[in-house]
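Structure record follows, encoded as structure tokens.
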Amino acid sequence: MTGPLDGIRVIDAATLAAGPLVATFLGEFGAEVIKVEQPDGGDPLRQWGAQRDGVGLMWKSVGRNKKSITLNLREPAGRELLRGLAAEADVLVMNLRPSTLHRWELDYEHLKPVNPRLVMLHVTGFGAGGPKSDRPGFGTLGEAMSGFAHLTGHPDGPPTLPSFMLADGCAALTASYAVLMALYHRDVRGGEGQFIDINLIEPLARLIEQPVLTYDQLGTVPTRTGNRWDISAPRNTYRTKDGHWLAMSGSAPTIAARALRAVGRPELTEDPRFAEAQQRLRNAAEVDQIMADWVAGRTLDEAMAVFEDAEVAAAPVYDAAQLLEDPQLEARGTYPTFPDPDLGRMRIQCPVPRMSETPGAVNHLGPALGEHTDEVLAELLGLDPGRRAQLRAAGVI
């Protein structure tokens, strides 16, 4: 079975999270992904985070389905090889600084004449244009500048950063649909390729736009509220009698009413202070305390049984072990096991969209550095063994 992107060739010449994640998503649905890495260590993602026997676990997942080749882009010959690959590609993913791209003649203005059908994605910390466009940036800066950290944490505590690649992930998902729109424009509408500019601030800021809307129209700046949210009550995490936690959301008025009835307070559904959404928000602290007291008197299983029976939007707060044991996710096969030459076997999350006719697939986990260099350079650029040996001796591959 071939994927919907079968026949699309992607050159992933980016590093770390956002850009490479785009190539990962495309590769899950059939695109041929060629990962370009520096010979001296490769993508830093290989050494990022937890390791087993020196093997980066995150790399094994993000590197799925990719072919790895090495090109020393600091050398003119390496950059010339990348231009050759771009001429044979549909999509090129980069995240070098704009000044570096221009100096190395790897920017879109230089590559478009080589391949007018090329869709070039450039992911940077701050985006093209403006005084910060050439500054280095990581997801942490996006999480800070987007307004996320300002809103996250307890009212009397500091701004809180996520312990996962949130800004990179949001940027990658935004960039992925941008690439697909560009390919649609090219292949269905008869257009040419184009340049896509994505930074690490704007995609996440788009998801948390409400503070900007509130400030623009009301002149107030929302502040941290812990696990509460000023558009929903009850909404929090609650500790159970046996020391576990559950989360609840009453975003819809009908769900909030079910929650009040489930905890034995049906009269509050007729009380104007709690029955109407805006009034309930003004009395959120009281609603929250009612829920907290009720949950505290029951075990997790007892509380969840009541909430599930009443169709209240509640769920246990899982750690990784509990996530893997969840019967719903087990039934869906969310975390299958895959063979791997380095680790023997590894559980990773399968492709997220479930498509009935063209499902995604994982063919292999992240490859060894440069594992496919000879194959790709011979097949796409016609380099014979002698020429490849020269390039290898010169430190270009």
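The values are calculated or read from the model by the stated rules, or taken from the named source; none is laboratory data. It should be emphasised that the depicted structure is a prediction, and the values quoted were computed from it without experimental measurement. Every residue, glycine as well, gets a Cβ built from its backbone with ideal geometry; the counts of neighbours run over all protein chains shown. Just the protein is used for accessible areas: all its heavy atoms, side chains included, with ligands, DNA and RNA removed. Shrake-Rupley method; radii C 1.70, N 1.55, O 1.52, S 1.80 Å.
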Q) So which residues in region 65-94 are of a type in the set (D, E, K, R) and open to solvent by 10 Å² or more (accessible area, probe 1.4 Å)? A) LYS67, ARG74, GLU75, ARG79, GLU80, ARG83, GLU88, ASP90
Q: For region 59-93, name all the residues that are assigned to a strand (DSSP E or B), within 25 Å of SER133 (Cα to Cα) and in contact with a Gly (Cβ under 7 Å, 6 or more places away or on another chain).
A: VAL93
Q: Among the residues of region 14-35, write down those that are out of contact with any helix residue (DSSP H, G or I) (no Cβ under 6 Å at 6 or more places or on another chain), crowded, with 24+ Cβ neighbours inside 10 Å and assigned to a helix (DSSP H, G or I).
A: GLY19, ALA23, LEU26, GLY27
(Q) Which pairs turn up if I take residues in region 48-59 that are of a type in the set (Val, Ile, Thr) and look for partners that are open to solvent by less than 60 Å² (accessible area, probe 1.4 Å) and not in a helix (DSSP H, G or I) with beta carbon separation below 8 Å, at least 6 apart in sequence or on another chain? (A) VAL55/LEU343
(Q) I'd like to know if region 286-296 contains one or more residues that are over 18 Å from SER251 (Cα atoms), surrounded by 13 or more Cβ atoms within 10 Å (Cβ to Cβ) and either of a type in the set (Lys, Arg) or out of contact with any helix residue (DSSP H, G or I) (no Cβ under 9 Å at 6 or more places or on another chain) (or both). (A) no
Q | Within region 211-237, tally of residues that are over 20 Å from ALA292 (Cα atoms) and of a type in the set (D, E, K, R) | A | 1
Q. Inside region 353-397, can you point out the residues that are charged (D, E, K, R), open to solvent by 70 Å² or more (accessible area, probe 1.4 Å) and closer than 16 Å to SER68 by Cβ?
A. GLU371, GLU375, GLU379, ARG392
Q.
Name the residue that is most open to solvent (accessible area, probe 1.4 Å), counting only residues in region 160-185 that are farther than 23 Å from GLY49 by Cβ and in contact with a Gly (Cβ under 8 Å, 6 or more places away or on another chain).
A. HIS185
Q | Count - residues of region 116-132 that are assigned to a loop (DSSP other than H, G, I, E, B) and either of a type in the set (S, T, N, Q) or crowded, with 18+ Cβ neighbours inside 10 Å (or both) | A | 4
Q: Could you give me the residue pairs with C-beta distances under 8 Å whose first residue belongs to region 143-162 and is at positive phi and in contact (Cβ under 8 Å) with a residue 60 or more places away in the chain, whose second residue is surrounded by fewer than 15 Cβ atoms within 10 Å (Cβ to Cβ) and assigned to a helix (DSSP H, G or I) wherever it lies, and which are 6+ apart or on separate chains?
A: GLY147/VAL212
